[in-house]
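Undergrad: Have a look at this one.
No lab work stands behind these numbers, since they all come straight from the coordinates. Here the structure is a predicted model, which is why all the values come from computation and not from measurement. Glycine also receives a Cβ, built like all others from the backbone with ideal geometry; neighbour counts cover every protein chain displayed.
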Amino acid sequence: MNGTFLALMLSGVVLAAPQQARLFLNGVSIDGVRGQEFTNASVRIDEQGRVFIDAPDYEVAPPAETIRLKPARLAPGEGAMVIFQSQAHGKTEMNVEVVVNGNKVADEVDPMQSVHDLLVHLKSGANTIEVKLGRKSGSGAMEVVIGLGGIRDSRIELTDTLVSEKVDLPRNGMKVFVLELTK
């Protein structure tokens, strides 16, 4: 090839020379699949240049949806709360996870009702809270509430509700709420 650029474009697949470092499938960047090997898969290119991939042991997941919430500042003594409530307990098979400053503080599958007071996990200054919902299979919604407040006298008190949403994900779907919080 003598140093010339080599590109192969087949039905929405673009492979570029290593120095280009870009890989696309149907117009979507899939750079992260480098260094992977797919076993029990076959690739066929028809006369029109369309690519057909037969990979019965693999599933395609929709892209994760990430919602960035408006940054918030806590009042003195105030904390953050995350509440999950299954709308079809035992059937959603939805995994819920709460991560504060990179540390996983909650990880449950299809909780009937789950309340997480995050005050003990917050540090002075900037904090990042990620609330992740994912589903491999199952059906039904999970209600998620993210708010400011705390547990007072054995009851939940929210001074500000940032999210109150019923999340119903497709198979292999994921939704992530990200909150930047200053204490």
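Undergrad: Let me know the whole percent of all Cα-Cα pairs from the chain that are separated by more than 22 Å.
TA: Details: 9794 of 16653 pairs.
Value for the chain (Cα pairs over 22 Å): 59 percent.
Undergrad: Apply the Karplus parameterisation 6.51 cos²θ - 1.76 cosθ + 1.60, with θ equal to phi minus 60°, to every residue of the range 55-63 and state each ³J(HN,Hα) to the nearest whole Hz, in sequence, with x for glycine and proline.
TA: My calculation for the range 55-63 gives 9, x, 8, 10, 10, 9, 9, x, x Hz in order.
Undergrad: Another question, if that's okay. Amide H neighbours of residue 65 under 5 Å, at least 5 residues apart or on other chains, H built in the peptide plane: list them.
TA: Close amide H contacts, sequence-distant or interchain: 174, 175, 176.
Undergrad: What does the C-alpha gyration tensor say about the overall shape of the range 45-99? Classify as rounded when a/c is under 1.5, otherwise prolate if a/b is larger than b/c, or oblate. Could you put the intermediate results ahead of the total?
TA: Details: a/c = 5.25, a/b = 2.20, b/c = 2.39.
Since a/c reaches 1.5 but b/c is at least a/b, the shape of the range 45-99 is classed as oblate.
Undergrad: Going by average Cβ neighbours within 10 Å, how do the peptides 46-56, 72-82, 118-128 rank, with the highest at the top? Please list the in-between numbers first.
TA: Working: 46-56: 10.1, 72-82: 16.6, 118-128: 13.2.
Highest to lowest by the protection proxy: 72-82, 118-128, 46-56.
Undergrad: Quick one: what are the phi-derived ³J(HN,Hα) couplings along the range 31-45, Karplus 6.51/-1.76/1.60 with θ = phi - 60°, whole Hz, x for glycine and proline?
TA: 4, x, 8, 4, x, 9, 10, 9, 9, 6, 10, 10, 10, 10, 10
Undergrad: A further question on this structure: In sequence order, what are the phi-derived ³J(HN,Hα) couplings for the range 96-113 according to the Karplus relation 6.51 cos²θ - 1.76 cosθ + 1.60 with θ = phi - 60°, rounded to whole Hz, with x for glycine and proline?
TA: With the stated coefficients, the range 96-113 comes to 10, 9, 10, 10, 10, 6, x, 9, 6, 10, 7, 8, 9, 10, 6, x, 5, 7 Hz.
Undergrad: Of all DSSP beta bridges in the chain, what percent run antiparallel (nearest 5)? Intermediate values should be presented prior to the final figure.
TA: Values: 59 of 65 bridges.
Within the chain, antiparallel bridges account for around 90 percent of the total.
Undergrad: Once amide H atoms are built 1.01 Å from N in the peptide plane, which residues 5 or more positions from residue 87, or in another chain, come under 5 Å H to H?
TA: Residues meeting the amide H criterion: 141, 142, 143.
Undergrad: Arranged by the count of other C-beta atoms within 10 angstrom, fewest first, what order do 66, 92 take?
TA: Working: 66 12, 92 24.
Going from sparsest to densest Cβ surroundings: 66, 92.
Undergrad: Tell me, Kirkwood radius of the range 116-168 from alpha-carbon pair distances, in Å?
TA: Numbers: mean 1/r = 0.0754 Å⁻¹.
Computed over Cα pairs of the range 116-168, the Kirkwood hydrodynamic radius comes out at 13.3 Å.
Undergrad: Also, quick follow-up: Sort 114, 154, 139 by Cβ crowding within 10 Å, fewest neighbours at the top.
TA: Values: 114 17, 154 5, 139 14.
If I rank by nearby Cβ atoms, fewest first, I get 154, 139, 114.
Undergrad: Name the residues whose placed amide hydrogens come within less than 5 Å of the amide hydrogen of residue 80, ignoring near sequence neighbours (fewer than 5 apart) on the same chain.
TA: For residue 80, the qualifying residues are 118, 119, 149.
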